[in-house]
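Undergrad: Dropping a structure here in structure tokens format, bear with me for questions.
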Amino acid sequence: MPTVFGERLYTRHFWTASASHFLLGMGFWMFVVFPLHLADLGASTMRIGVLLALEPTAAVLVRPGLGGLLARRGRRWILRAGGGLNIVAVALYLVADDIGAGLAAVRILHGIGIGALFTTFFTYAADISPVTRRTEGLAVFGISGILPTALAPPLGEELVLRFGFTAMFSAAVAFSVASLVFTWWLEEPDLGEMSAGPTHGFWRMATERRHAGVWATAFLFSLAMSSYLGFLEPHAHALGFERAGLFFTCYSLAAVTLRFFGRTLPDRIGPRRMLAPALASLAAGLYLVARLDSLGTLGAAGLLCGMGHGYLFPILSGMAIEGTDRTTRGAAMSFFTAVFDLAQMVGPLLFGFVAGAAGYPAMFLLAMAGVAAAAAGWVATNVAEAWA
């Protein structure tokens, strides 16, 4: 089946969307150091977890209506409207100087903008990727989201150490504005006659048994991600490390290397066969984070977690939209990213409680256990299918 822009994968639209997505990620991933800002404002570990959870909570709540909106208004309209909302939200961090209702409102607004943008970017990437190369297309497009994990956290740390959080928030605004500018050079995919589809399309995804394993794995993967996105910096600082950016640099290096040199592997040998090794790599990285004792361990943990992420997200997102057409793809991607954000909502609350009660190592071991359980589940599934 041809794509909306022809048979080619790497078109001008693909690279323009990738550039916009990269710039959005640069503004977003600097918020890895945001928990330190909350601590400076006097927030407890549990309070930090609550405030971190507000953003993905808002992203989850916006998702049910997003699939229909993608069909009615189009991808480009949402990228522009969401981009504008994201700029407003990030700019408001500059004036939210306490941990009260004002900052909570900013987190919610930020979540609405980010939730709409990330779903729409990956829906757009799926639209313009040939069906037989869709996992490859999503993997390569995803590099534009992974690269900021290497560049943005160290940049955020450097800006905070030298100039304070005001400089970091200002830089995030600048990246967000640049991302929005690039969306003006995107063309709306010609998807033919599209309608919003049935209003229950989003919720129908939850009842599709063939996707149950995908939703469960996405949830556990994202839950594990929330542990190091929210609490690696405080954990490393408590152990005497001034910066934790090495983890994210190695994380990005591993993910980008796998996606570039191994981008065709899932499509060639089957995505389901790749899930268990990717989950095992992520679990091993989380174990090293729990046992963190040196910069070498920090870097090795980043490599292992990045190797896991490098394959997990494009494989799971590709499996999530299997069997969909262009009118229902937005709903499928919306549900997939809603599951992802639901874990990002639950994770900070759960892990903030565990960290406060039992310490950071126990918290990271709990995250590891969930990922290991998912890996075991896919091993059992693959064995059962092989013997069927």
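The values are calculated or read from the model by the stated rules, or taken from the named source; none is laboratory data. Just so it is clear, the structure is predicted and the values come from calculations on it, not from any experiment. Ideal geometry is used to build each Cβ from the backbone, glycine not excepted, and the neighbour counts take in all protein chains shown. Keep in mind that these areas ignore ligands, DNA and RNA; they rest on the heavy atoms of the full protein, side chains included. Shrake-Rupley method; radii C 1.70, N 1.55, O 1.52, S 1.80 Å.
Undergrad: Taking the stated definitions as given, is Gly359 open to solvent by less than 30 Å² (accessible area, probe 1.4 Å), out of contact with any helix residue (DSSP H, G or I) (no Cβ under 6 Å at 6 or more places or on another chain) and either touching a residue at least 12 places away in the same chain (Cβ under 8 Å) or farther than 19 Å from Pro130 by Cα (or both)? Reasoning before the result, please.
TA: Values: open to solvent by less than 30 Å² (accessible area, probe 1.4 Å): yes; out of contact with any helix residue (DSSP H, G or I) (no Cβ under 6 Å at 6 or more places or on another chain): yes; either touching a residue at least 12 places away in the same chain (Cβ under 8 Å) or farther than 19 Å from Pro130 by Cα (or both): yes.
Taking the combined requirement at face value, the residue satisfies it.
Undergrad: Here is a further query. Which residues, taken from region 157-197, are in contact with a helix residue (DSSP H, G or I) (Cβ under 8 Å, 6 or more places away or on another chain), farther than 19 Å from Leu117 by Cβ and modelled with pLDDT of 90 or more?
TA: Of everything in region 157-197, those that are in contact with a helix residue (DSSP H, G or I) (Cβ under 8 Å, 6 or more places away or on another chain), farther than 19 Å from Leu117 by Cβ and modelled with pLDDT of 90 or more turn out to be Leu159, Val160, Phe165, Ala167, Met168.
Undergrad: How many residues does region 370-388 hold that are open to solvent by 50 Å² or more (accessible area, probe 1.4 Å) and either among the small types (Gly, Ala, Ser) or at pLDDT 95 or above (or both)?
TA: 6
Undergrad: Moving to a separate point now. Hey, Arg107 hits all of (1) among the charged types (D, E, K, R); (2) modelled with pLDDT under 90; (3) crowded, with 17+ Cβ neighbours inside 10 Å; (4) within 24 Å of Leu151 (Cβ to Cβ) but one; which does it fall short on?
TA: It fails just one condition, (2).
Undergrad: Pull out all pairs, ordered by first then second residue, where Cβ-Cβ is under 6 Å, the residues are six or more apart or on different chains, the first lies in region 337-350 and is touching a residue at least 60 places away in the same chain (Cβ under 8 Å) and within 15 Å of His211 (Cβ to Cβ), and the second is outside any helix (DSSP H, G or I) and of a type in the set (Lys, Arg).
TA: Ala338/Arg63
Undergrad: Does region 88-103 contain at least one residue that is open to solvent by less than 10 Å² (accessible area, probe 1.4 Å), in contact (Cβ under 8 Å) with a residue 60 or more places away in the chain and either farther than 20 Å from Ile48 by Cβ or charged (D, E, K, R) (or both)?
TA: There is no residue in region 88-103 that is open to solvent by less than 10 Å² (accessible area, probe 1.4 Å), in contact (Cβ under 8 Å) with a residue 60 or more places away in the chain and either farther than 20 Å from Ile48 by Cβ or charged (D, E, K, R) (or both).
Undergrad: Any residue that is buried (at least 20 other Cβ atoms within 10 Å of the Cβ) and of a type in the set (S, T, N, Q) - is there at least one of those in region 154-166?
TA: For region 154-166, residues buried (at least 20 other Cβ atoms within 10 Å of the Cβ) and of a type in the set (S, T, N, Q): absent.
Undergrad: Restricting to region 70-105, name every residue that is part of a helix (DSSP H, G or I) and of a type in the set (D, E, K, R).
TA: Arg72, Arg73, Arg75, Arg76, Arg80
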